[in-house]
Amino acid sequence: MALASSRPSFYRSLQGTLTGLPHTRGYANSPPGQQSPFKIQNVKNSGTSKNKKAFSRKNRIGAFRSMNPSQLTDPVLQPHSNLSVPSFKPELMTEDRIGQVVAFNQTPHDPIKYFGIPKNMLLEFRLLSQRCSVIRNITVFTAEELKSAASKPSHKTRYVLTGPSGCGKSFLLLQAVQFCLAEEWIVIYIPRAKTTVNSTTTHTYDLRTQTYLQPNFAQQTLRRILEVNSSNLQTLTMREGLNYDRRSFSSGTTLAQLASAGSKDPVISSVVLETLLNELSRQSKIPVLLAVDDFQAIYNQKTLYRDPHFSAIRPYHLAIPRLILEYASGKRSFPKGAILGAITAADPMFPVTTELMDELRLPGTHPRSAYNKRSKILQEYAQGLMNLPVPEEFSPREAASVFENWMRDNALTAPANDEVFLAKYTESAGNPKAFVWQGILGTLEGAAPIVSENTPWPQLREGRM
Amino acid sequence: MVHILGINLPDNQLARFALTSIYGVGPHLSHRLCARFQIHDRCRVKDLTPFQTTALASFLQSPKTALPVPQYPLAPANFVPRPPFKSTQELQAEFNAAKTAQKQNRDEKLLQMAPEKKSRDPLTELRIESELRREIRENIAHQRMIGSYVGRRHAMHLPVRGQRTQTNAKTARKLNSLDRW
């Protein structure tokens, strides 16, 4: 009884101290103006009280909220990189510059900004302070080929960059695009050709061309071509006039004006794109490069599109893939220029097909025989493509440059010495993507623990400061 | 917000998914409907053109009376299209005229041949909403009329397909009846 009477006074005395504490834990509070998500709202409901709005996006707090970048004032979070990489120039494409890292700087007609780049490269460029790539021996070779292609019709220079996953095909294609732009070519770069065949853009049947037009994609492509090549397109004019859908373009209009009109209106964009490419195929003043990544996607027999009778639409019955196929097969050609394609080795939805593997003489994963099904039409569209195998490993010099580049950008947690470099180079077998992503960025090695010599039994004190 | 058959389709949903909210239309039928009206897989409801919306709505109002989709020609490998001087309407009119002329010749030949093959397109026998509910009601009524076990179980509000009743027949007791829909 004595104890029972003393307990309330004990709690009362405790209360005094508890209320004295400041209420510091405010991060679990709901944002102002909204109900607490964890409070039971309707007690009257039978069974569980499901507050459905509690878990809606507005009310959800989560474990943390990411801060505004302008609030990151702590010195630890400030960028400390001392990366000063020389910018990319066509004069650097020589044998003695192999192994040098160059940067793609932001220009007013930046192809990376307007055309876009494949997803893997985008992620890598987000991490680096500057958008860098290394000059390899294959880069120099490609540059030489493109220089000689500047005076030949495009059906004589049709290369497909091949190689295993992560060997640098997309990077090489981007380097080729930047090289040609610097050499004043007209460049048409389609970084993700997969999007033309995977049923993500509008398609409408057209009786005149007897194909399915893709007006929104054509509009986007025209806008991109215009933004990157505006200076070149302004010097070229149309040879024949165009009358379509109550719009008329007389024969002297510049291609820039034509492209700009097409990029604003999806109704005429397909016809304008076709006319633009026809005009580019007739002029022999400026060489044209057509660079396509995900090249194997347009050689797959069935796209993800379905026609009104629910059978799969073939890539050569879709407007944009048909254009690429016609230029890639040499049926249509630019009087000066080249066609470059880069395959994506590891895409299960759009694998490299038998017709392409036959033409490029790739070994493939499974043995092929004369009994494998092949499409005659796709074989026709693959005729004359030349294989440009990208070496599947970095040379030690190239790898060292890449390692130093990331090191200067403070990407390494491990100490930057020869042992780490050689270890990562060996572990990744020189494969560029594995070397960067799993080797440099994915290494678990940290800085070695520093133990002063004066402490007794230093080996026992290792790690404990 | 697009209204089809009185059902409100939210703007930001994928059209292919939104169509499954119609009673009687599941993922496969929805895919077929989208293919018929040239709606690509990632099209949102807000991106549908007014023409597509009206075509969908009028088709779903009465699927049986809808015109069959003609087989449009597809470009062969070395096809060079004509220059874009004629408008789409003129080309369509030419195509229709050519088709009717072809059909007249075929009809004469077909009169002598065997009856038409049943088409494998499920959209031709599409039943949705009230029609489908009526069909289900008629099926249950038919089972009762012939005095079958299935009919009796529906009448007794008990499971029909051989489930246990000693425990756990809650859904059947709640929902099974002769006028279910």
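B:Thr54: over 27 Å from A:Thr195 (Cα atoms) and either open to solvent by less than 30 Å² (accessible area, probe 1.4 Å) or in a helix (DSSP H, G or I) (or both), yes or no?
Yes, satisfied.
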| query | If you take the residues in the range A:221-245 that are over 19 Å from A:Ile190 (Cα atoms) and open to solvent by less than 20 Å² (accessible area, probe 1.4 Å), which one is modelled with the lowest pLDDT? | reply | A:Leu242
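Quick one: count up the residues across the range A:232-245 that are within 14 Å of another protein chain (Cβ to nearest Cβ) and either in a loop (DSSP other than H, G, I, E, B) or among the hydrophobic types (A, V, I, L, M, F, W, C) (or both).
Step one: list which residues in the range A:232-245 are within 14 Å of another protein chain (Cβ to nearest Cβ), which gives A:238-245.
From what's left, either in a loop (DSSP other than H, G, I, E, B) or among the hydrophobic types (A, V, I, L, M, F, W, C) (or both): A:238-242, A:245.
Here the count works out to 6.
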| Restricting attention to the range B:18-38, and to residues there that are assigned to a helix (DSSP H, G or I) and more than 14 Å from chain A (Cβ to nearest Cβ), which single residue is surrounded by the fewest Cβ atoms within 10 Å (Cβ to Cβ)? | B:Ser21
| note | Within the range B:57-79, residues open to solvent by 40 Å² or more (accessible area, probe 1.4 Å) and part of a helix (DSSP H, G or I) come out as B:Ser58, B:Gln61, B:Lys64, B:Thr65
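For residues that are assigned to a loop (DSSP other than H, G, I, E, B) and closer than 19 Å to A:Ala328 by Cα, scanning just the range A:164-204, find the one that is farthest from the other protein chains (Cβ to nearest Cβ).
Just the residues of the range A:164-204 that are assigned to a loop (DSSP other than H, G, I, E, B), to begin with: A:164-168, A:183-185, A:191-192, A:197-203.
Now narrow it down to the ones that are closer than 19 Å to A:Ala328 by Cα: A:185, A:191-192, A:197.
Values: A:Trp185: 27, A:Pro191: 18, A:Arg192: 14, A:Val197: 11 Å.
So the residue we want is A:Trp185.
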| field | Residues of the range B:135-163 classified as within 27 Å of B:Thr20 (Cα to Cα), part of a helix (DSSP H, G or I) and in contact with a Lys or Arg (Cβ under 9 Å, 6 or more places away or on another chain), total | value | 4
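With respect to A:Thr303, determine if the residue is crowded, with 22+ Cβ neighbours inside 10 Å, touching a strand residue (DSSP E or B) at 6+ places or on another chain (Cβ under 8 Å), within 13 Å of chain B (Cβ to nearest Cβ) and part of a loop (DSSP other than H, G, I, E, B).
Values: crowded, with 22+ Cβ neighbours inside 10 Å: yes; touching a strand residue (DSSP E or B) at 6+ places or on another chain (Cβ under 8 Å): yes; within 13 Å of chain B (Cβ to nearest Cβ): yes; part of a loop (DSSP other than H, G, I, E, B): yes.
Yes.
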| request: Tell me, please, whether a residue that is under 22 Å from A:Phe179 (Cα atoms), acidic (Asp, Glu) and not in a helix (DSSP H, G or I) can be found in the range A:116-138. | output: no
| query | Since A:Phe394 meets every condition but one in (1) buried (at least 23 other Cβ atoms within 10 Å of the Cβ); (2) within 14 Å of chain B (Cβ to nearest Cβ); (3) assigned to a loop (DSSP other than H, G, I, E, B), which condition does it not meet? | reply | (2)
| query | Among the residues of the range A:347-377, which ones are among the small types (Gly, Ala, Ser) and either in contact with an Asp or Glu (Cβ under 8 Å, 6 or more places away or on another chain) or in contact (Cβ under 8 Å) with a residue 60 or more places away in the chain (or both)? | reply | A:Ser375
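Just give me the residues in the range A:51-78 being modelled with pLDDT of 75 or more, part of a loop (DSSP other than H, G, I, E, B) and open to solvent by 100 Å² or more (accessible area, probe 1.4 Å), in sequence order.
Those that are modelled with pLDDT of 75 or more, part of a loop (DSSP other than H, G, I, E, B) and open to solvent by 100 Å² or more (accessible area, probe 1.4 Å): A:Met67, A:Thr73.
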| Scan of the range A:139-190 for residues that are within 23 Å of A:Val101 (Cα to Cα) and among the charged types (D, E, K, R), ordered by number | A:Glu144, A:Glu145, A:Lys147, A:Lys169, A:Glu183, A:Glu184
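Looking only at the range A:246-272, count how many residues are more than 12 Å from every other protein chain (Cβ to nearest Cβ) and either part of a loop (DSSP other than H, G, I, E, B) or surrounded by 19 or more Cβ atoms within 10 Å (Cβ to Cβ) (or both). Show your work before the answer.
Let us first name the residues in the range A:246-272 that are more than 12 Å from every other protein chain (Cβ to nearest Cβ), namely A:250-265, A:269.
Those left that are additionally either part of a loop (DSSP other than H, G, I, E, B) or surrounded by 19 or more Cβ atoms within 10 Å (Cβ to Cβ) (or both): A:250-253, A:255-256, A:258-259, A:262-263, A:265, A:269.
Of the residues in the range A:246-272, 12 are more than 12 Å from every other protein chain (Cβ to nearest Cβ) and either part of a loop (DSSP other than H, G, I, E, B) or surrounded by 19 or more Cβ atoms within 10 Å (Cβ to Cβ) (or both).
The values are calculated or read from the model by the stated rules, or taken from the named source; none is laboratory data. Since the structure is predicted, the reported quantities are computational estimates derived from the model, not experimental observations. So basically every Cβ, Gly included, is an ideal-geometry build from the backbone, and we count neighbours across all protein chains shown. We work out accessible area using only protein heavy atoms, side chains counted, and drop any ligands, DNA or RNA first. Shrake-Rupley method; radii C 1.70, N 1.55, O 1.52, S 1.80 Å.
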